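Student: Please find one structure pasted underneath; my questions will follow.
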Amino acid sequence: MKITILGTGTFYINKERSGPSYLLEIDDKKILIDCGPGTLMRLSEIGLEPGDLDYIFITHFHADHTADLFPLQMNLRLYQFFGGDKKIKFPKIFGPTGIEKFTKKLSHIYELPAFDNWSEIKYEKYKKKIILDKIIVKPFKVEHVVFGLKAKAYALRFEFNNKSIVFSGDCVKCDGLKKAAKNTNIFICDASYSKNKPGPAHLDTNDIGEISQSSQVKKVVLSHFYPDTKNIDLIGEVKEKYNGEVIMGNDFMELII
């Protein structure tokens, strides 16, 4: 299992941190987790195109995690006009209930209704367990409330050959996240807040440490950074509650388990 971190930012992005997105490679399958702003550029920078992807998983619909999803889909749609004879894949997209409607509604808002009678891309809403050949994906509902609205948010656990990787998505400390992270090899998590400045919608470093310790996580990778944490020792704060390995995620970082 190989993970390439494409984006570790939020709505705040810059040349160092693109929007949230991760590429997971298992056997010959390429799986994209989230598709925040800048994802298409990051994919191109590592030599990939949307037509190289097998599956896409969306943790929730907030734009910092989905801003490049419609452009990615349009890239695939327009390929039939401009792509020539090259054969490409049309990735299946998994997400919360309403994932297909999300795409079609956006297409009308953008005045580009390209998906009404086009079915190359398939969609599937989350269920308890998703089996992709030898890969098992387990979505866990998590709590994420912003501006008074509860998001349909999920943490995602990928299992293969007795190893696992978990993506928290955006959430607060909750039972779903604890269950998702249990005994995982790598926990890539929302590190939006310092312990000294917690907030209502995301994890802080105390939460990360406590969950990682109680769930016996083997390695923690921090991501989803806001500018006000730039000069804070987030790793040190997490390790006050957790005695395992903690690293700061960076765009283009590669991890292998």
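Student: Per q in 0.26, 0.27, 0.31 Å⁻¹, report the Debye log10 I(q)/I(0) for region 218-257, using one uniform scatterer on each alpha carbon and no solvent.
Tutor: -1.00, -1.05, -1.18
Student: With the calculation restricted to Cα positions, what are the radius of gyration and Dmax of region 1-81 in angstrom?
Tutor: Every Cα atom of region 1-81 included, Rg and Dmax give 11.9, 35 Å.
Student: Another question, if that's okay. Taking R0 as 30 Å, what FRET efficiency do you get between Ile247 and Glu143 from their Cβ-Cβ distance, rounded to the nearest 0.05?
Tutor: 0.70
Student: Same structure, new question: With the contact rule set at Cα under 8 Å and sequence spacing of 6 or more, what percent relative contact order holds for region 186-257?
Tutor: Over region 186-257, the number comes to 36 percent.
Student: Still on this model: What full-extension length gain, to one decimal in nm, is calculated for Lys129 and Asn196 as 0.36 nm per residue of separation minus the Cα-Cα distance?
Tutor: Computed gain between Lys129 and Asn196 is 20.4 nm.
Student: For the pairs Lys127/Lys152; Lys129/Lys219; Lys128/Lys152; Lys15/Lys152; Lys125/Lys152; Lys152/Lys173, note any where the Cα-Cα span goes beyond 19 Å.
Tutor: In this structure, Lys129/Lys219; Lys15/Lys152 lie more than 19 Å apart at Cα.
Student: With each label point set 7 Å from Cα along the Cα-Cβ vector, what nm distance links Ile257 and Lys218?
Tutor: 0.7 nm
Student: Now, a different point. Evaluate the charge dipole of region 2-256 about its Cα centre and quote only its size in Debye, nearest 20, assuming +1 on the Cβ of each Lys and Arg and -1 on the Cβ of each Asp and Glu.
Tutor: Here the size comes out at about 860 debye.
Student: Another one. Between Thr97 and Asp52, how many nm apart are label points set 7 Å from Cα along the C-beta direction?
Tutor: 3.7 nm
Student: Using only DSSP helix segments of four residues or longer, with each worth -39500 (n - 2.57), what per-residue ellipticity at 222 nm results for the chain after dividing by its residue count and rounding to 500?
Tutor: -6500 deg cm²/dmol
Student: Could you work out the relative contact order of the chain? I mean the mean sequence separation of Cα pairs under 8 Å and 6+ apart, divided by the number of residues, in percent.
Tutor: About 17 percent, as a whole number.
Student: What is the angle, in °, between the Cα long axis of helix 69-82 and the longest principal axis of the Cα atoms in the chain? Nearest 10 is fine, range 0 to 90.
Tutor: 30 degrees
Student: A further question follows. Mark the label point 7 Å from the Cα of Asp116 along Cα→Cβ and return the residues of region 67-108 whose backbone N is within less than 11 Å of it.
Tutor: Flagged as within label range: 108.
Student: Once the cut-off is 14 Å, how many percent of the Cα-Cα pairs in region 160-228 end up in the long-distance tail?
Tutor: 52 percent
Student: Over every pair of different alpha-carbon atoms in the chain, take the mean of 1/r and invert it; report that Kirkwood radius in Å.
Tutor: When all Cα pairs of the chain are included, the Kirkwood radius is 18.4 Å.
Student: Also, quick follow-up: Which of the aspartates and glutamates could a cross-linker span from Lys104 if the Cα-Cα distance has to be under 12 Å and same-chain partners fewer than 8 positions apart are dropped?
Tutor: Candidates past the 8-residue exclusion: Asp116.
Only the coordinates and a few stated rules stand behind these numbers; no lab work does. Since this is a predicted model, take the numbers as computed values, not measurements. Note: ideal-geometry Cβ built from the backbone for every residue, glycine included; neighbour counts use all protein chains shown.
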